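Engineer: Take this structure first; my questions come after.
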Amino acid sequence: MREDILHASRVSIEPGGRGNSRRADPTARKAAELAALDNRAADARLWVQVIEYVIARYEGTPKGRLLEMQYFEELGMEHICNKLLIGRPTYFAWRKELVLCTALAAAELRLIQVCKNMQKV
């Protein structure tokens, strides 16, 4: 993607516009797109850390097996419940815990904001 941006022609970079906003400046536009690409790559690396953390935290447990079957093997709820010998309420409780753990890890790395517009009292 970096090479595509660097070697893009003016037409493929700039959808239109002229003036002092630097939208007509292909070099500035390329720099802005490269910076955005770097930010997305950094976020992707952090998301990988979150996923690896959650996998490691639940590895070797029934909840870890649910994680594998649900999100990597893409099995359905009924199949997972039958394999793990659990009922639907347990399935939903465990899945909720996995999602919450993932969200908390992502919040710790500032990938998501849990409480917007919250002020300290």
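Engineer: Let me check I've understood the local charge: for residue 57, count other residues with C-beta under 14 angstrom from its C-beta, Lys and Arg +1, Asp and Glu -1. What total comes out?
Structural biologist: -3
Engineer: Compute the length gained on full extension between residue 77 and residue 51: take 0.36 nm times their separation in residues and subtract their Cα-Cα distance, giving the result in nm to one decimal.
Structural biologist: Extending this stretch completely gives an extra 7.3 nm.
Engineer: Evaluate the distance, in nm, between pseudo-label points positioned 7 Å from the Cα of residue 114 and of residue 90 along their respective Cα→Cβ axes.
Structural biologist: Between residue 114 and residue 90, the simple spin-label model gives 2.8 nm.
Where a number appears in this text, it was derived from the coordinates with a stated rule and is not lab data. Quantities reported herein were computed from a predicted structural model and do not represent experimental measurements. Reconstructed Cβ throughout: ideal geometry from the backbone, glycine too, with neighbour counts over all protein chains shown.
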